[in-house]
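Values in this text are rule-based calculations from the coordinates and carry no lab data. Since we're looking at a predicted model, the values are computed, not measured. In this analysis, Cβ positions are derived from the backbone assuming ideal geometry, glycine residues included, and neighbour counts consider all displayed protein chains.
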Amino acid sequence: MTSTLFACCLFSAADAHAADLTGTPHAAHHAQGRPGAARDSAANAKGSSMETIHVRAAASTSRRQALAHQNDPVSVTTVTEKDLQSHQITNLRQAQKLMPSVTLQVTNPRNTAINIRGLGNFSSTAQDGLENGTAVYIDGVYQTRPGSALYDISDLSGFEVLKGPQATRGGVDNDGGMINITTAAPSFKRQYSITGDYGSYNTGNIRLRATGAIGNSDKVAYSISGFSNNRDGYIKNVTTGRMYQDYHDIGVKGQILANPTDRLSLRLIADYTHMRGSCCVSVPSTMLSHYANGAAIAGTYAQRAAYAGATAIPAHSFRDMLISGPGSQAYDQESYGVSLDLNYRLAHGWKLENIAAWRTWYWYPHNAYTGGTGIIPGIWAQTAGNNQVYEQHATEELRISSPENRPWQVAAGYFTCTRPYLIQSMTPSRHKGRNIMVMDTARPSITPP
């Protein structure tokens, strides 16, 4: 269980920027401070029949995102909704190219590390139960496992990278910084969209979204969105015939936005994502049979493959992306949860916000040396040598903050996270046979029959 009390106070010249953003004419401020300005204005009004109308332009979503931290004393990189559309970005890994201080180390979704300015987890090795040096939030909900933020995100609208320790801004303590991922809220205007693309290796992506008011209400709106991403593998195992580096991901998300009063806003979000794929294989670039002095190497790859009864890959394996070996490497990951975001505007512009969430992360790989019994008789088989991780966590954050666009800002609150773990390690099983294959490049480990 993790609990944090936080508080911060910011001082900035925000009033000048507030005038620019709200559209209040600077001339009006100058006129109010000049002696006789009221009499001149009244005289001009009497002598002219023209009516002065001030038009206040609405700031775009991307502009509001870019200026959200304009007056904060913190280094921020912002990826706006316009940036996402221009670069066709749908997830964190794709957005990394627009966030130069962010480094991702990804072997698979479980073995993932996210660093900001080099600070964070030092390795992508699985660190179950350990806090991440870089905190990741999706719609204000803390993601305990960084791998849960790698998939495509429905209704994605922007990224914010806050560099340096950000514990006083809320959420969990961190030393590298935090990444805020935001999604679009439901709209009261009915909208329907569908986008898709197709490419090589049967790469097919499709995204759907529907939003609008529920009935004819002006108080409650909904949105339903989803995606499906698929690609065939391009690395072939000549022994088993399996293709690697494929993926098949699906996700669905539902939201309800309620504004019962002018002061109260409620946003309920429920989502489910399933990732499936095979990965983490390397294609050999060179197969040596002789030392530099011309002496033959004992126990070459071809000899050891023949001893084991495996199919040896041809010399042009690097060109054709071929590997050989009994077994398989694949994974499944499920992530789902629900959150409720409550916002209430207090008197004098103060704001009270509470975010409560419950999430589940389930990781279950499918690694085996034989990929099933009977493929290569007489070899030690590890039919389920995997660490399955099942995690649930509940988070609660209560925050109160002062009005924005003032020379000083104050925020305080409380954050707590409870998360039990269940890690199940599957034990290997041995098939009958007298030959054991050990992948040791130093010396041959197989004795010919």
Between beta-carbons, use under 13 Å as the cut-off and find the net charge around SER101, counting Lys and Arg +1, Asp and Glu -1. +2
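Given R₀ = 25 Å, FRET efficiency for ALA302-THR107 by Cβ-Cβ distance, to 0.05?
Numbers: r = 29 Å, r/R0 = 1.16.
Working from the Cβ atoms, E equals 0.30.
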Surrounding charge for ARG276, neighbours by C-beta under 15 angstrom, Lys/Arg +1, Asp/Glu -1, total -3
What is segment 191-346's relative contact order, in percent, from Cα pairs under 8 angstrom and six or more apart in sequence? 22 percent
Note down the magnitude of the dipole of segment 204-281 about its Cα centre, charges +1 on Lys and Arg C-beta and -1 on Asp and Glu C-beta and zero elsewhere, to the nearest 20 debye. 80 debye
Using θ = phi - 60° and the Karplus curve 6.51 cos²θ - 1.76 cosθ + 1.60, what whole-Hz ³J(HN,Hα) does each residue of segment 99-114 get, with Gly and Pro shown as x? 10, x, 7, 9, 10, 10, 10, 10, 8, 7, x, 6, 8, 9, 9, 10
With Cβ to Cβ distances under 13 Å as the rule, what net charge do the other residues near ASP155 carry (K, R +1; D, E -1)? 0
Among the listed pairs LYS97/LYS163; LYS82/LYS219; LYS82/LYS189; LYS189/LYS351; LYS189/LYS219; LYS97/LYS351, which are separated by more than 23 Å between their Cα atoms? LYS82/LYS219; LYS189/LYS351; LYS97/LYS351
On a full-extension model of 0.36 nm per residue, what is the gain between ALA258 and HIS348, subtracting their alpha-carbon distance, rounded to one decimal in nm? 30.1 nm
Rounded, prolate or oblate: which fits segment 148-211 when a ≥ b ≥ c are the square roots of the eigenvalues of the alpha-carbon gyration tensor, with rounded for a/c under 1.5 and prolate only if a/b beats b/c? oblate
From Cα coordinates alone, what are the radius of gyration and Dmax values for segment 79-121 in angstrom? 11.5, 31
The ³J(HN,Hα) series, computed from each phi in segment 414-419 with the Karplus coefficients 6.51, -1.76 and 1.60 at θ = phi - 60°, rounded to the nearest Hz and given as x for glycine or proline, is 9, 10, 9, 9, 10, 8
Across the Cα atoms of segment 156-261, what radius of gyration and what greatest pairwise Cα-Cα distance (Dmax) are found, in Å? 20.1, 65
Once you place label points 7 Å from the Cα toward the Cβ at ILE194 and ARG276, how far apart are they in nm? 2.3 nm
Which of VAL238, THR300, SER223 sits closest to the plus end of the dipole of segment 219-351, meaning its Cα is farthest towards the positive end, when Lys and Arg get +1 and Asp and Glu get -1 on the C-beta? SER223
Whole-Hz ³J(HN,Hα) from phi, Karplus 6.51 cos²θ - 1.76 cosθ + 1.60, for segment 280-292, glycine and proline x: 6, 10, 10, 8, x, 9, 9, 10, 8, 10, 9, 6, 5
Can you compute the FRET efficiency between GLN88 and ALA356 using 1/(1 + (r/R0)^6), with r the Cβ-Cβ distance and R0 = 30 Å? Round to the nearest 0.05. 0.35
Using 0.36 nm per residue of separation minus the Cα-Cα distance, give me the extension gain between HIS366 and VAL74 in nm, one decimal. 100.8 nm
About its Cα centre, segment 293-368 carries a charge dipole, from +1 on Lys and Arg Cβ atoms and -1 on Asp and Glu Cβ atoms, whose size in debye to the nearest 20 is 140 debye
Tell me whether segment 90-244 comes out rounded, prolate or oblate; compute the Cα gyration tensor, take square roots of the eigenvalues as a ≥ b ≥ c, and use a/c under 1.5 as the rounded threshold. oblate
